[in-house]
Amino acid sequence: MERIDKVLSSALKSSRADIKKLMKKQCVTVNGVRITAADAKVDPYNDEIRLNGRPIVYQKHIYIMMNKPKGVISASEDKSVPTVTDLVPKELKRPNLFPAGRLDADTTGFVLITDDGDFAHRILSPKRHVEKTYHAVLEKELNDGDAKRFADGIRLRDGTVCLEGKLEALGDRKVSVTIHEGKYHQVRRMFASLGNRVLELKRVKIGGLPLDEKLKEGECREITEDELEKITQ
């Protein structure tokens, strides 16, 4: 059971203060009975909840795919620079949205934004081995043996050991990198340990779900249930 103001706030993407105002107008019904108490408990999946006669469809959490541009940080709030949650359009806004995993300001591509902390923990935990795939442009071509070093696990210059990853050449200093960790600036630091430098970096896939090619940088859309399952497959 959930508080009705919480259910309506989530479904209508409105603040609880606005929901309370609506309820005072006696325009909310549950199973045909008018409800004015914001703390009334309802079953959002089985009770019939209506606002001005219109049925309310409850969705406990939201999952958003964003194609992050450069210059935007992976955070929920920052007073000095734009964040990924600042770019979420009004129709997808929810309280407590945050990025599940981080890309640095100069890295573009797939950021998953949600209000579901449990889901975020599952996909970020190294024990779950949810893969993240990146495309990178390097300063120099790969050397023979670089792919094997990635496959064996790389020791960074500060002694940090990265778990095994997959490195594939795409041609013209372009590569594909797949890892299942999220250490600070990990991909850039892995190449630095090989004596190379990443010039451009874009995350193109999380788990089995690729970034929607139709999304321009800065755009986002809701992830469907079927797509969500691909992330943890």
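Does any residue of segment 125-133 turn out to be at pLDDT below 95, of a type in the set (Val, Ile, Thr) and in a helix (DSSP H, G or I)? No, the conditions are met nowhere in segment 125-133.
Specify the residue that is most open to solvent (accessible area, probe 1.4 Å); the eligible residues are those in segment 1-12 that are touching a residue at least 40 places away in the same chain (Cβ under 8 Å) and either under 15 Å from residue 54 (Cβ atoms) or assigned to a helix (DSSP H, G or I) (or both). Quick ask: steps written out before the conclusion?
Keep residues of segment 1-12 that are touching a residue at least 40 places away in the same chain (Cβ under 8 Å), which gives 1-2, 4, 7-12.
Those still in the list that are either under 15 Å from residue 54 (Cβ atoms) or assigned to a helix (DSSP H, G or I) (or both) too: 4, 7-12.
Working: 4: 0, 7: 0, 8: 4, 9: 9, 10: 15, 11: 26, 12: 46 Å².
So, considering only residues that are touching a residue at least 40 places away in the same chain (Cβ under 8 Å) and either under 15 Å from residue 54 (Cβ atoms) or assigned to a helix (DSSP H, G or I) (or both), the one most open to solvent (accessible area, probe 1.4 Å) is 12.
Residue pairs whose Cβ atoms lie under 9 Å apart, separated by 6 or more positions or on different chains, with the first residue in segment 89-101 and touching a residue at least 60 places away in the same chain (Cβ under 8 Å) and part of a helix (DSSP H, G or I) and the second buried (at least 19 other Cβ atoms within 10 Å of the Cβ) and not basic (Lys, Arg), are 92/64; 92/113; 92/220.
Scanning segment 138-164 for residues that are polar (S, T, N, Q) and open to solvent by 90 Å² or more (accessible area, probe 1.4 Å) returns a single hit, 143. When residue 83 is tested against (1) over 16 Å from residue 204 (Cβ atoms); (2) open to solvent by 20 Å² or more (accessible area, probe 1.4 Å); (3) not aromatic (Phe, Trp, Tyr), only condition (2) is not met. For segment 211-233, name all the residues that are charged (D, E, K, R), over 24 Å from residue 139 (Cβ atoms) and open to solvent by 80 Å² or more (accessible area, probe 1.4 Å). Those that are charged (D, E, K, R), over 24 Å from residue 139 (Cβ atoms) and open to solvent by 80 Å² or more (accessible area, probe 1.4 Å): 213, 214, 216, 225, 226, 229, 230. Here residue 157 meets the list (1) assigned to a strand (DSSP E or B); (2) free of Cβ contacts under 8 Å to residues at least 60 places away in the same chain almost entirely, failing just condition (1).
The residues of segment 191-210 that are open to solvent by less than 20 Å² (accessible area, probe 1.4 Å) and either closer than 20 Å to residue 102 by Cα or in a strand (DSSP E or B) (or both), listed by number, are 191, 198, 201, 203, 206, 207, 209.
Determine, yes or no, whether residue 110 is open to solvent by less than 40 Å² (accessible area, probe 1.4 Å), part of a helix (DSSP H, G or I) and either over 15 Å from residue 218 (Cα atoms) or touching a residue at least 24 places away in the same chain (Cβ under 8 Å) (or both).
On the way: open to solvent by less than 40 Å² (accessible area, probe 1.4 Å): yes; part of a helix (DSSP H, G or I): no; either over 15 Å from residue 218 (Cα atoms) or touching a residue at least 24 places away in the same chain (Cβ under 8 Å) (or both): yes.
Criteria not met by residue 110.
Per this entry, residue 66 is not counted among residues that are farther than 28 Å from residue 113 by Cα and either surrounded by 19 or more Cβ atoms within 10 Å (Cβ to Cβ) or among the charged types (D, E, K, R) (or both).
The values are calculated or read from the model by the stated rules, or taken from the named source; none is laboratory data. Everything numeric in this text was worked out from a predicted model, so none of it was measured. Glycine also receives a Cβ, built like all others from the backbone with ideal geometry; neighbour counts cover every protein chain displayed. Please note that ligands, DNA and RNA were not included when accessible areas were found on the heavy atoms of the full protein model with its side chains. Shrake-Rupley method; radii C 1.70, N 1.55, O 1.52, S 1.80 Å.
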